[in-house]
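The structure appears right after this line, and notes come after that.
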Amino acid sequence: ARALAARPWEAELARVTRPGGALIVSTPHRRCLNHMATRLLSPIVTPAFAAVKWLLRRTSEPHTVTHRRFTARELEQLFARHGCTRTGLAGYNLEVLFYPWHRLLPGLALRVKRRAEGHQDSWMRVFATGLLLRCQKGQP
């Protein structure tokens, strides 16, 4: 297991949660197949999308926001160090048709996503782009 350095944000979340209180955290999912496919195919597909945008004379803003991605286990361990116990875990925003297909076929991707949303707690969590962790802070 990879050791995670202490971060002030999770310590503060745990600090302001009363003992016995619930804490719900949403984070990007690091083991999401969509994220892995994007990282793998980006060097190939991004120049092609840029060329199409240039031909169509469309511009877009550069994406400058970055988020730290966690696995379910990392997130659980992070809050366990502050006395929080996991009481629930779910994936959300299931991208079954992942990059670049969800961009090329957005209507189909949305229909497939809607059908998959009811299965976010099953093995289909690998398609979830985000995780929701619910935990309870222990008594002092």
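3J(HN,Hα) couplings calculated from phi for the range 128-136 with the Karplus curve 6.51 cos²θ - 1.76 cosθ + 1.60 (θ = phi - 60°) are, in sequence order, 6, 7, x, 10, 10, 10, 10, 9, 10 Hz; Gly and Pro show x. Here the chain has 60 percent of its accessible surface on carbon and sulfur atoms, given a 1.4 Å probe and all protein chains in place. Solvent-accessible surface of the chain, taken per residue with a 1.4 Å probe and all protein chains present: 68 Å².
In deg cm²/dmol and to the nearest 500, what is the mean residue ellipticity at 222 nm of the chain if only DSSP H runs of at least 4 residues count, each as -39500 (n - 2.57), divided by the residue total?
Working: 5 runs with 56 residues, N = 140.
Only helices count here, giving -12000 deg cm²/dmol.
From the convex hull of the Cα coordinates of the chain, what is the mean projected area in square nanometres?
Numbers: hull surface 41.8 nm².
Its Cα hull, projected and averaged over all orientations, spans 10.4 nm².
The values are calculated or read from the model by the stated rules, or taken from the named source; none is laboratory data. Computed from a predicted structure; not experimentally measured. We work out accessible area using only protein heavy atoms, side chains counted, and drop any ligands, DNA or RNA first. Shrake-Rupley method; radii C 1.70, N 1.55, O 1.52, S 1.80 Å.
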